[in-house]
Every structure is written in structure tokens, then in C-alpha cells.
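These notes are about the structure you will find just below.
The values are calculated or read from the model by the stated rules, or taken from the named source; none is laboratory data. Since the structure is predicted, the reported quantities are computational estimates derived from the model, not experimental observations. Because the Cβ atoms are built from the backbone with ideal geometry, glycine has one as well, and the counts that use them run over all protein chains shown.
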Amino acid sequence: MEEYKGIILGTGNYDIKTGNTVSITGDGGNAWEYYGPAYKKLAPRLVTYTPYAAQLLKLEELKKTNYDEYVKFRRLIEDRYIESYYETRLKDLDAYELLKTLKRLFGTNIILLCHEPTDEFCHRRLLADWILLETGIFIPEISFDEKGKVKQIRHLSYIDRLEKIRKR
């Protein structure tokens with residue numbers, strides 16, 4: 001397992017402008033003016049993303065009008081997304097082979113990027129939690145301080161929800 005540590009330094013959003021960054025979104029980050037390397041095979045498929053995106057307006061309305069319903073609805077659409085992302089992207093992957101592929105294509109100390117803010121639901125964190133479950137390798141959410149030093153950020157975790165789906 002030691003040989004796999006250090007391949008992925010962390011995950012973050014497109015606010016990160018330094019380091020060995022690799023986009024994992026469908027458009028490679030171009031909508032956020034990111035034009036660096038991309039590995040689109042980890043992007044959510046449309047069958048995963050489209051139903052989720054279609055529910056975001058309803059989610060925002062509930063947040064303004066009924067917080068309890070907002071929390072329940074958010075959990076529901078996230079659970080559907082997690083299950084779909086697992087079924088369409090993660091289930092048939094070998095985590096060690098994925099890490100080897102990423103290393104071969106992009107080197108080490110990779111920072112996997114997508115657009116969601118750190119405190120929002122995000123497939124990059126699903127991927128990081130899945131890698132942890134499969135390999136025991138923890139991949140933090142990161143950013144850089146004013147001196148350019150890497151700092152870990154508290155992130156959302158989906159381990160319990162992924163574990164439930166993996167056991168089915």
C-alpha cells in the first residue's frame with residue numbers, strides 16, 4: 001500500500017491555481033476557466049448528474065421555506081446520486097489500478113478538482129471516500145495558505161452512505 005500513498009495529494013475545487021491539478025468533471029473544468037489536465041473517466045455520467053441537477057431548484061426553494069423538508073429532500077437526492085455514481089463509475093473499478101493509472105498519466109501529488117465548494121455535496125469527495133474504503137488511503141480536501149503551503153480543510157464525508165451501497 002505504501003507505493004500508492006502520495007499519488008493523490010488531495011481534492012479541491014477550481015479555486016486551486018497551483019500544484020499538480022487534474023480535473024475530474026465532464027467538461028474538464030473549462031466552464032470554470034480551468035484548462036489543465038483532465039481525467040473525465042471519473043466525472044459523473046449524465047444519468048447520475050442530470051436528475052440531481054434537475055432537483056437543485058426545488059432544493060433551494062425548500063431551503064428558503066421549510067428547512068426540515070430541505071434536509072430530508074437533500075438527503076434523498078444525495079443518496080440517489082451516491083448510488084448512481086457508485087453503480088456507473090466506482091463499482092467496477094479497482095482502486096489500486098485507478099491509482100496506478102493516475103500516477104502513469106499525471107505523476108504524483110495530484111490534486112483532483114471539480115467545481116463545488118468545500119462545504120457542498122461533491123463527487124470528488126465520494127471518490128476520495130471510496131478510495132479510503134477500498135485501500136485505507138485517506139485523501140484530504142486541501143487548499144493552500146498565503147505562503148503556498150498545503151492545508152487540510154474539514155470536508156463532508158460520505159463513507160457511511162457509500163459503505164451501505166457497497167454492501168448490497
Exercise. Among all residue pairs at least 6 apart or on different chains, which show Cβ distances below 6 Å where the first residue, located in segment 93-105, is more than 15 Å from Thr21 (Cα to Cα) and free of Cβ contacts under 8 Å to residues at least 12 places away in the same chain and the second is β-branched (Val, Ile, Thr) and not in a helix (DSSP H, G or I)?
Worked result: none
Problem set entry | Whichever residue in segment 99-156 is in a loop (DSSP other than H, G, I, E, B) and of a type in the set (D, E, K, R) and, among such residues, is farthest from Ser84 (Cα to Cα) | Lys147
Exercise. What number of residues within segment 17-27 are over 19 Å from Leu90 (Cα atoms), assigned to a loop (DSSP other than H, G, I, E, B) and either in contact with a Lys or Arg (Cβ under 9 Å, 6 or more places away or on another chain) or at pLDDT 95 or above (or both)?
Worked result: 2
Problem set entry | Hits in segment 120-156 - residues which are among the small types (Gly, Ala, Ser) and touching a Leu at 6+ places or on another chain (Cβ under 9 Å) | Ala128
Exercise. When segment 37-46 is examined, which residues are found to be closer than 16 Å to Phe106 by Cα and in contact (Cβ under 8 Å) with a residue 60 or more places away in the chain?
Worked result: Pro37, Tyr39, Leu42
Problem set entry | Residues located in segment 63-85, provided they are in contact (Cβ under 8 Å) with a residue 12 or more places away in the chain and not basic (Lys, Arg) | Phe73, Ile77, Glu78, Asp79, Tyr81, Ile82, Glu83, Ser84, Tyr85
